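Undergrad: Questions regarding the structure given below will be posed in turn.
The values are calculated or read from the model by the stated rules, or taken from the named source; none is laboratory data. Bear in mind the structure is a predicted one, so any value in this text is a computation, not a measurement. Backbone-built Cβ (ideal geometry, glycine too); neighbour counts: all protein chains shown.
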Amino acid sequence: MSDQNVERVIIIGSGPAAHTAAIYNARAELKPLLFEGFMAGGVAAGGQLTTTTDVENYPGFPEGISGPELMSQIRAQSVKHGTRIKTETIERVDLSKRPFMVATATDEYFAEALIIATGATAKRLNLPGEELFWQRGISACAVCDGALPIFRERPLVVIGGGDTACEEASYLSKFGSTVTMLVRRDELRASKAMQQRVFNDPKIEIMWNTEAVEAVGDKTLGGLRVTNNKRGDEQVIDASGLFYAIGHTPNTAFLDGQLETDETGYVITRPDSTVTNVPGVFACGDVKDKVYRQAVTAAGSGCMAALEAEHFIVEHALEPAAAGERV
């Protein structure tokens, strides 16, 4: 370990949470070092917003803005205030003592405070045609994309049978002409209340024991080839929009169990806080949020993490450790 590698704050992530934290820490003259990753989790730097075409619900953009452009502007603001960025992926960490160690494939870095903002990756089915129609009719976030003009008064499809699927189907019924839920079993896994909401909505139809096998269309999604897994027969149903509601995978594998997580891998933080079970380590954004998963809520929690990290450093009167010194 060298003096140059000991930082006040290291931020791991590249989305709204990470860069909001960086903006606040940079303006507090903590000189944050941010690792944005290189195709970490299979997604380009910028996180899930880089896979979203039009963003209409982020404050400050009344005409909307593309996801990549929004992240480009947020990143530029972060750099302007002094954030240093490395386009490398953190592969492992050591949180057993301070300064904390984070390692890329080629080097190790150390920090007195660490902010985890690595997000979560939406689960996809990798259907034939999926890549062609991704963000051309296929999405993994109804709340993000469902109100876009391309989906209004069009037949929409939701894949999933849990609470999230039911919520997304109910949300989409306000915009689509019809909403069809594809459920691979003969019952929903959702809570009774959510099931009843779906059953009571005349615009929502459920196709039981049904799975999608191919996305079809021309320049945009036009339909889905589906199969009944009981009878084995196939058909093509109209679909101008397909929304996956089969869950997300939090990007926490690199932590190797060193932070407390729930049963699905989301980092657990104190209520109304980004504080983790390891003092000096903070988590923000979708890596800890499996409820809202919105750019604006991620940015808000990034602000919280930055302020709590700054408070931690001031409270403990931490200065960069001497070379080789870890406690």
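For (1) of a type in the set (D, E); (2) over 30 Å from A105 (Cα atoms); (3) at pLDDT below 95, each residue gets a yes or a no:
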position: F175; (1), (2), (3): no, yes, no
position: R189; (1), (2), (3): no, yes, yes
position: F199; (1), (2), (3): no, yes, no
position: K219; (1), (2), (3): no, yes, yes
position: H248; (1), (2), (3): no, no, yes
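Undergrad: Name, by its number, the condition in (1) farther than 24 Å from Y171 by Cα; (2) free of Cβ contacts under 8 Å to residues at least 24 places away in the same chain that does not hold for Q196.
TA: Only one criterion is unmet by Q196, namely (1).
Undergrad: Based on what the data block shows, is L34 under 26 Å from E308 (Cβ atoms), at pLDDT 95 or above and either charged (D, E, K, R) or part of a loop (DSSP other than H, G, I, E, B) (or both)?
TA: No, not satisfied.
Undergrad: Note down all Cβ pairs under 7 Å where the first residue falls in the stretch 66-91 and is surrounded by fewer than 21 Cβ atoms within 10 Å (Cβ to Cβ) and assigned to a helix (DSSP H, G or I), the second is of a type in the set (A, V, I, L, M) and at pLDDT 95 or above, and they're at least six residues apart or on different chains.
TA: Q77/I23; V79/I85
Undergrad: Applying the selection to the stretch 211-238, what residues are more than 17 Å from G160 (Cβ to Cβ) and either outside the structural domain of G129 (by TED's automatic domain parsing) or not in a strand (DSSP E or B) (or both)?
TA: Correct list: D218, K219, T220, K230, R231, G232, D233.
Undergrad: Within the stretch 309-322, is there a residue that is within 16 Å of the chain's Cα centre (by Cα), under 20 Å from S14 (Cα atoms), among the aliphatic types (A, V, I, L, M) and part of a helix (DSSP H, G or I)?
TA: Within the stretch 309-322, none of the residues are within 16 Å of the chain's Cα centre (by Cα), under 20 Å from S14 (Cα atoms), among the aliphatic types (A, V, I, L, M) and part of a helix (DSSP H, G or I).
Undergrad: Looking at F175, F133, F151 in this structure, which one is farther than 19 Å from A215 by Cβ, buried (at least 17 other Cβ atoms within 10 Å of the Cβ), in the same structural domain as D238 (by TED's automatic domain parsing) and among the hydrophobic types (A, V, I, L, M, F, W, C)?
TA: So the residue among F175, F133, F151 that is farther than 19 Å from A215 by Cβ, buried (at least 17 other Cβ atoms within 10 Å of the Cβ), in the same structural domain as D238 (by TED's automatic domain parsing) and among the hydrophobic types (A, V, I, L, M, F, W, C) is F175.
Undergrad: If I ask for residues that are in a loop (DSSP other than H, G, I, E, B) and among the aromatic types (F, W, Y), which ones from the stretch 239-286 would you list?
TA: Listed by number, the list holds a single entry, Y266.
Undergrad: Out of curiosity, is L156 outside the structural domain of V296 (by TED's automatic domain parsing) and without any contact (Cβ under 8 Å) to a residue 40 or more places away in the chain?
TA: Spelling it out, it is not the case that L156 is outside the structural domain of V296 (by TED's automatic domain parsing) and without any contact (Cβ under 8 Å) to a residue 40 or more places away in the chain.
Undergrad: May I ask you to say which residue of T252, T264, T269, T227 is hydroxyl-bearing (S, T, Y) and modelled with pLDDT under 95?
TA: Unique residue meeting the criteria: T264.
Undergrad: In addition: If I filter the stretch 167-210 down to residues being part of a loop (DSSP other than H, G, I, E, B) and aromatic (F, W, Y), which single residue comes out as farthest from T227 (Cα to Cα)?
TA: Ranking the qualifying residues of the stretch 167-210, first place goes to F175.
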